[in-house]
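Right, one structure below, let's go through it.
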Amino acid sequence: MDSATKYWNEEWKRRDQGNYTKCNGGKFQFIQERLNSRAAYIAPLKTLEVGCGSCLHVKTLSFEHPEWKENYLGIDLAEEGISIAKRWGINAEIDSIYNFKSDEKFQLFLFFDVLEHLKDHDRVSEQIKNLSADNFCVMGNIPLYESHNDDDAFERPMNVTDISKLLNNAGIGKFINIIYGIQGWPYMWFEGQI
């Protein structure tokens, strides 16, 4: 198990015990508002969330849109996060986007607070192409600041150009982005579709 996976396993244990050391409530609320505003459209889509953690977003949305859970699969390397998701009755697996294989094709890919932790965006783009239905979209968010963590969680600086390249390489023809700030920290929400 690599050091980043060990780090996130410990982080999910802390969160499961109510210690949200890295969980930002304002950021969660912003993402939920974006998802809620699109829920009628996106909940029926066959969805793959990469770096899903405990699948908190799908759990929250599924109260009003139960079909969201039926069409959803989350993957993450952190066993603790996946364990929480399964306790909540959410379809989630321990896997990496780099190695994930499926006979199913996905219409929606979610990347919430995960792309900055992935080293090889070219491989991520290739996997999106391999796993996507004919029509698909991608949604996610990234921090627009460089983290100075002293922990073992890999984090790379991100910007609009990085997201644009990743989406274009995956076959996304157009995308929108929204810059927002949570407690003084800048983030970018993005949505792309072919």
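The values are calculated or read from the model by the stated rules, or taken from the named source; none is laboratory data. Owing to the predicted nature of the structure, the values given are computational and were not obtained by experimental measurement. Here the Cβ positions follow ideal geometry from the backbone for every residue, glycine too, while neighbour counts run over all protein chains shown.
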Which residue pairs have Cβ atoms closer than 6 Å, lie 6 or more positions apart in sequence or on different chains, and pair a first residue in region 144-160 that is over 13 Å from Leu115 (Cβ atoms) with a second residue that is exposed (fewer than 13 other Cβ atoms within 10 Å of the Cβ) and at pLDDT below 70? Asp152/Ser3
Given the conditions (1) over 21 Å from Trp189 (Cβ atoms); (2) modelled with pLDDT under 90, which single one is not true for Ile82? (2)
Out of the residues in region 39-62 that are charged (D, E, K, R) and in contact (Cβ under 8 Å) with a residue 40 or more places away in the chain, which is surrounded by the most Cβ atoms within 10 Å (Cβ to Cβ)? Glu49
Give Glu191, Glu104, Glu146 a once-over and let me know the one that is farther than 25 Å from Gln32 by Cα and either surrounded by 20 or more Cβ atoms within 10 Å (Cβ to Cβ) or charged (D, E, K, R) (or both). Glu104
Among the residues of region 63-114, what is the count of those that are among the charged types (D, E, K, R) and touching a residue at least 24 places away in the same chain (Cβ under 8 Å)? 8
Strands (runs of 3 or more DSSP E) contained in region 28-139 and holding at least 2 residues under 19 Å from Met158 (Cα atoms): 106-112
Across region 59-76, what is the total count of residues that are closer than 9 Å to Asn91 by Cβ and touching a helix residue (DSSP H, G or I) at 6+ places or on another chain (Cβ under 8 Å)? 3
